[in-house]
Amino acid sequence: MDLLFSPADEQYRTRIRAWLSDNAGDLALIAKAEDPLQAARDWQRKMYEAGFVGLTWPKSCGGQEASLTQQVVLSEELAQARIPHLINGIALTTLGPTLIQHGTEQQRQRFLPGILSAKEIWCQGFSEPGAGSDLPSLTTRAVLDGDEFVVNGQKVWTSLAPIADWCFLLARTDPKAPKREGISYLLCDMKTPGVTVRPLRNAGGGFHFSEVFFEDVKIPRDNCVGEINGGWKIARSTLEHERSGLSGVVALEANLERQRQMAAKLKVGDKTALDKPGNRQKLAQYWIEIEGLRHLGYRALSDQLAGRPPGASASVGKLFSSRLRQKIAKTSLELAGPLAPVAKKSPHVIERGRLHAGYFDALGYSIGGGTSEIMHNTIAERILGLPRSTRDD
Ligand SMILES: Cc1cc2nc3c(=O)[nH]c(=O)nc-3n(C[C@H](O)[C@H](O)[C@H](O)COP(=O)(O)OP(=O)(O)OC[C@H]3O[C@@H](n4cnc5c(N)ncnc54)[C@H](O)[C@@H]3O)c2cc1C
């Protein structure tokens, strides 16, 4: 494993820093914009035009053909500068690479530019009320009628659905085939008649995800990615993209830094919360765990650079980072004590009154992208070589 970035990567880091110092001010203006959604689209487009979106994608697909290490450098610098996630992040990390790998030339030409520039925002319609961990049990039906699929069914926990222009979804096209062999991967315009989005309020009070209903929704046959009934293999590729990467290490670093700054300001008698040895121990421990996670990510990166598949290590990273995120969020509540629930409008508010919502949001990380129990199963079977779990495969 090589832990050093090359001189070219460090030069690239300098270039990003210079661009951010010239342009990150726009982000502050964007944050106050009247239409935050349009502002978020504008910010992504600006980053795309500067060459910082779709970094590792082929040039023929609108990317920069940069190296994986440059992608890591970019993620580190964006987190350091506390630049929020891009609005089309789901599509950029999952659908885009899937279309590059499995889409037709026509699909790539039609959809990749809108993903990169955020002209078209996407949501992921995989989970259903009876199909989450056991995704191949999905029952949303798509029947081919001439040149169109007619789709009926329901999706749930669909992030971004109310603002999404398009949805990439899985539907059953052959109910008689074994469950993994009768699924197709479809691209649906959310404005198509018969699509209904019903937002769900989560425990943190936000509307992060929704139910999406499909009633006789017509999707052109050309919007099927890969073969009809061949969607499961393609969905797996999307899920692998979802779990890969540096396991949110950069976001965790930002969380810990925010916590450190908060503890340094919170008064406990004539000292600050940061002066208390017990708190210092906790923050130091989280820093150590983040460093461990970073090196796990670097190992996976080294494997990828050497052409070796990252294997099940993405599951270790996902499991570890979601737990760590929850521990950090819980400590923030403990540090803030009675100030934690103070509302946004109060003069005593801290962290914009978001500590409780942040804690509840952190709980979701053990579920989204595959639950912790499923990560345990993967680690048990693929790393420890234990017998498979008895679930119906
Ligand atoms: C914040 C967030 C965002 C999300 N965004 C999206 C999205 O945009 N699009 C989308 O399609 N989905 C999304 N999801 C849904 C997510 O993928 C599912 O919630 C997840 O796959 C779990 O499925 P489930 O909720 O049906 O739970 P289930 O699969 O029913 O699991 C229930 C419980 O049983 C356990 N369990 C299940 N099977 C096993 C097993 N074999 N061994 C041991 N334990 C098991 C689980 O770990 C869990 O504790 C999101 C979820 C969250 C929390």
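The values are calculated or read from the model by the stated rules, or taken from the named source; none is laboratory data. Being a predicted model, the structure only gives us computed values, none of them experimental. Please note: Cβ atoms are built from the backbone with ideal geometry, for glycine as well, and neighbour counts cover all protein chains shown. Remember, those area values only see protein heavy atoms, side chains included, never the ligands or the DNA or RNA. Shrake-Rupley method; radii C 1.70, N 1.55, O 1.52, S 1.80 Å.
Numbers at a glance
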read-out: Subset of segment 123-134 [more than 7 Å from the ligand (Cβ to nearest atom) and surrounded by fewer than 18 Cβ atoms within 10 Å (Cβ to Cβ)]; value: P129, G130
read-out: Helices (runs of 4 or more DSSP H) contained in segment 305-393 and holding at least 1 residues under 26 Å from L68 (Cα atoms), away from the ligand (no atom under 16 Å from the Cβ) and open to solvent by less than 80 Å² (accessible area, probe 1.4 Å); value: 313-336
read-out: Single unsatisfied condition, V217 versus (1) away from the ligand (no atom under 12 Å from the Cβ); (2) open to solvent by less than 30 Å² (accessible area, probe 1.4 Å); (3) touching a helix residue (DSSP H, G or I) at 6+ places or on another chain (Cβ under 9 Å); (4) assigned to a strand (DSSP E or B); value: (3)
read-out: Selection within segment 22-43 - open to solvent by 90 Å² or more (accessible area, probe 1.4 Å) and either modelled with pLDDT of 90 or more or hydrophobic (A, V, I, L, M, F, W, C) (or both); value: D22, L29
read-out: Test set (1) polar (S, T, N, Q); (2) surrounded by 15 or more Cβ atoms within 10 Å (Cβ to Cβ); (3) more than 26 Å from A300 (Cα to Cα) - Q106 fails condition number; value: (2)
read-out: Checklist (1) at pLDDT 95 or above; (2) crowded, with 18+ Cβ neighbours inside 10 Å; (3) touching a helix residue (DSSP H, G or I) at 6+ places or on another chain (Cβ under 8 Å); (4) not in a loop (DSSP other than H, G, I, E, B) applied to E120, failing item; value: (4)
read-out: Selected residue (criterion: farthest from the ligand (Cβ to nearest atom)) from residues of segment 135-156 that are charged (D, E, K, R) and either at pLDDT below 95 or assigned to a strand (DSSP E or B) (or both); value: D145
read-out: Number of the exception - S210 against (1) part of a strand (DSSP E or B); (2) open to solvent by 30 Å² or more (accessible area, probe 1.4 Å); value: (2)
read-out: Filtered residue count, segment 274-290, keeping only those that are aliphatic (A, V, I, L, M) and under 15 Å from A336 (Cα atoms); value: 2
read-out: Residue within segment 110-117 that is in contact with a Leu (Cβ under 6 Å, 6 or more places away or on another chain), farther than 24 Å from G369 by Cβ and more than 10 Å from the ligand (Cβ to nearest atom) present; value: no
